[in-house]
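Structure record follows, encoded as structure tokens.
The values are calculated or read from the model by the stated rules, or taken from the named source; none is laboratory data. Not measured: the values here are computed from a predicted model. Here the Cβ positions follow ideal geometry from the backbone for every residue, glycine too, while neighbour counts run over all protein chains shown.
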Amino acid sequence: MAKPFLSVIVPAYNEERRIGPTLEKLVGFLSAQAYGWEVIVVENGSDDDTAEVVSSWAAEVEQLHLESLPTAGKGLAVRHGMLTATGEYRFMCDADMSMPVEYLKDFLARMAEGNDVVIGSRQIEGARRFGEPAGRHVMGRVFNWVVRLVAVVGFQDTQCGFKMFRGDVAEDLFGRQRTTGWGFDVEILYIAKKRGLRILEMPIDWYHEPSSKINPVGDSIRMVKDAVLARWRGIIGAYR
């Protein structure tokens, strides 16, 4: 079987309610495209019916695959999906599909301009946020300030869940990844910057999902720790 042009990786932890509508949007959009594609859902550590919902979709859609891991952790799930995928381009996508799926065309267009990585942004000029609580937005800006201080500069939104990588770049970056939790985005961008890759931050429309899995306080603390660890690993040469 020929390698797909685009691989979409969807990490899914306890997503039985949201994963079906997301797959409907993805499969509907991708089926209308002229290129080959695959969707890889990585379910890890769920104690609901996420795997069963995805399995029923996979039985009907040849290009849709389920990967199950026993341990939770978004970074772990995305890493597994990126290294399992075979697409020329590889796109990570949040299970709540809080960005209109049509933006995939814009990501691919920006990649065609010669970028190695294109990251969606809810913060730069042209981006729009809908329904986000003020408190969460403030905490996100504080975290971004910390990230720029201790790890990686040049980005207004490192944590947006929509990012695209060239296939060979994904294999290189995610093969070096150590972070298994929410802070993996910072580590990946830190390694990419260290390796001199061309990274573009692209504005998107983003719609807040009230049932987000993020714990605003606890997960923010853990992500700061992950950012510091990424910088430390870089200092001691762990990513070489």
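The requirement of being under 24 Å from Arg166 (Cβ atoms), more than 19 Å from the chain's Cα centre (by Cα) and modelled with pLDDT of 95 or more is satisfied by Ala34. Meeting the requirement of 2 or more residues that are buried (at least 16 other Cβ atoms within 10 Å of the Cβ), of a type outside the set (A, V, I, L, M) and modelled with pLDDT under 90, the helices (runs of 4 or more DSSP H) wholly within the range 123-240 are 134-150, 218-235. Among the residues of the range 97-122, the one identified as on the phi > 0 side of the Ramachandran plot and surrounded by fewer than 17 Cβ atoms within 10 Å (Cβ to Cβ) is Gly114. Just the residues that are hydrophobic (A, V, I, L, M, F, W, C), out of contact with any Gly (no Cβ under 7 Å at 6 or more places or on another chain) and touching a residue at least 60 places away in the same chain (Cβ under 8 Å), please, taken from the range 1-29. The answer is Val8, Val10, Ala12, Ile19, Leu26, Phe29. Only one entry of Glu43, Glu60 meets the criterion of being free of Cβ contacts under 8 Å to residues at least 24 places away in the same chain and over 17 Å from Met164 (Cβ atoms), and that entry is Glu60.
Restricting the range 2-31 to residues that are over 27 Å from Gly181 (Cβ atoms) and of a type outside the set (Phe, Trp, Tyr), the residue that is modelled with the lowest pLDDT is Ala2.
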